[in-house]
Amino acid sequence: MDTVRIYEVAGHSFSLSLPDGVNSERILGAYKPFLISAADDCGCLFAVRVEMGDLPEAGSIAGRFNDEAPYIWVFRGDDGAMNFGFSFTPEKPGAILMVRGNRATLHLPQGIRYREADNYIGNSMMLMFAYHTAAHDTLMIHASVTVRDGRGYVFLGRSGTGKSTHSRLWLENIPGTWLLNDDNPVIRIVDGTVRVFGTPWSGKTPCYINDNVPVGGIVRLEQAPHNEIRRLGTLEAYAALAPSCSSMSWDRDWADAENRTLEKVISTVKCWHLKCLPDADAALLSSGTCCL
């Protein structure tokens, strides 16, 4: 019998169904703070069901994304629907996500290792969440978020820039700060206020906090031999935030919804560019500037 649970992240509910062949207690641990019901999925924004067995034919390959593992594959099915694959090697997908409207089935092979299963399920949930919440003033972003005095400070940057390091430097050097999420927080506009939410998806850092705070500032990080911060103008702020949003630009509806939300966010929240070293002075500079 499948294990079905309903969760709520940033005010959006969704369901996840796991078969007996998957260690549900281990995989669902990150989702536990977001659990709202163990009933059916009626009223959920989307639903994902996991099945074990042979991988189905997903269609013709439209593209493969990411320069390094884990990889995301995009397929166009015979019926025109878009399906997805996930893998740790560039040769072929290790799992297939078949999407039909707001319902999706993730196919996993029998005997799959926990690490792969956990990653493929997480990627499926994030993809479905980002797509189906885009029209609701919601952005899933790749960032680290630290909270100070009841406001969240969002640190952006390319992979390896030091987002997690900068958050850690705030925690170590600025009293009263705490980590909301370290990899995939969600920004949502609620009653005209830009807020940032914790999620079950936090990368390598086990930080699964069901809480949210107003956004105090957004900071794009860049490694440099010195520490320097400056306020970004509107176009610069858009260019700084857009690459960190989870979307696929070739999907017109998704891209249009994302752009509308981005415009609202950057018109409301101050954005900064921080050139920095991985040191305490960088944290003190950014906090002293952004928290004024």
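Results, tabulated for the structure shown:
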| item | result |
| --- | --- |
| Sum of -39500 (n - 2.57) over DSSP H runs of 4+, divided by residues of the chain (222 nm, nearest 500) | -7000 deg cm²/dmol |
| Cα-based helix-to-principal-axis angle, 163-173 vs the chain, degrees rounded to 10 | 50 |
| Dipole magnitude (debye, nearest 20) for the chain, charges at Cβ of Lys, Arg, Asp, Glu | 640 |
| Relative contact order (%) - region 67-153, alpha-carbon pairs under 8 angstrom, separation at least six | 15 |
| Rounded FRET efficiency, nearest 0.05, which uses the C-beta distance separating ALA224 from ARG103 and R0 of 45 Å | 0.45 |
| Listed peptides 168-177, 265-274 by packing density, highest first (mean Cβ within 10 Å) | 265-274, 168-177 |
| Cβ-based net charge around VAL194, under 10 Å, with every Lys or Arg adding one and every Asp or Glu removing one | +2 |
| Relative contact order for region 152-292, counting Cα pairs under 8 Å that sit 6 or more residues apart, in percent | 30 |
| Rounded tilt (10° steps) of 114-133 against the dominant C-alpha axis of the chain | 70 |
| Equivalent ellipsoid semi-axes, the chain, via Cα gyration tensor eigenvalues times 5, rooted, Å | 33, 20, 19 |
| Most fluctuating residue given options GLU222, GLU236, GLU258, as computed from a GNM of the chain linking Cα atoms under 10 Å | GLU236 |
| Rounded tilt (10° steps) of 252-266 against the dominant C-alpha axis of the chain | 20 |
| Long-range amide H partners of THR199 with built H, under 5 Å | ILE209 |
| Rel. contact order, % - alpha carbon contacts under 8 angstrom, at least six apart, region 8-82 | 28 |
| Accessible surface of region 41-139, 1.4 Å probe, proportion on carbon and sulfur as whole % | 48 |
| Eligible aspartates and glutamates near LYS92 by straight Cα distance, threshold 13 Å, same-chain separation 8 or greater | GLU57 |
| Per-residue ³J(HN,Hα) for region 94-103, Karplus 6.51 cos²θ - 1.76 cosθ + 1.60, θ = phi - 60°, Hz, x for Gly and Pro | x, 7, 10, 10, 9, 10, 9, x, 9, 10 |
| Spin-label model distance (nm) - ALA62 vs SER159, 7 Å beyond Cα toward Cβ | 2.2 |
| Difference of contour (0.36 nm per residue) and Cα-Cα distance, ARG231 to LEU171 | 19.3 nm |
| GLU25 paired with ASP54, simple spin-label distance in nm, labels 7 Å along Cα-to-beta-carbon | 3.4 |
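The values are calculated or read from the model by the stated rules, or taken from the named source; none is laboratory data. All of these numbers come straight from a predicted model, not from anything done at the bench. When we count neighbours, we look across all protein chains shown, and the Cβ atoms used for this are built from the backbone with ideal geometry, even at glycine. The area values use the complete protein model at the heavy-atom level, side chains included, leaving out ligands, DNA and RNA. Shrake-Rupley method; radii C 1.70, N 1.55, O 1.52, S 1.80 Å.
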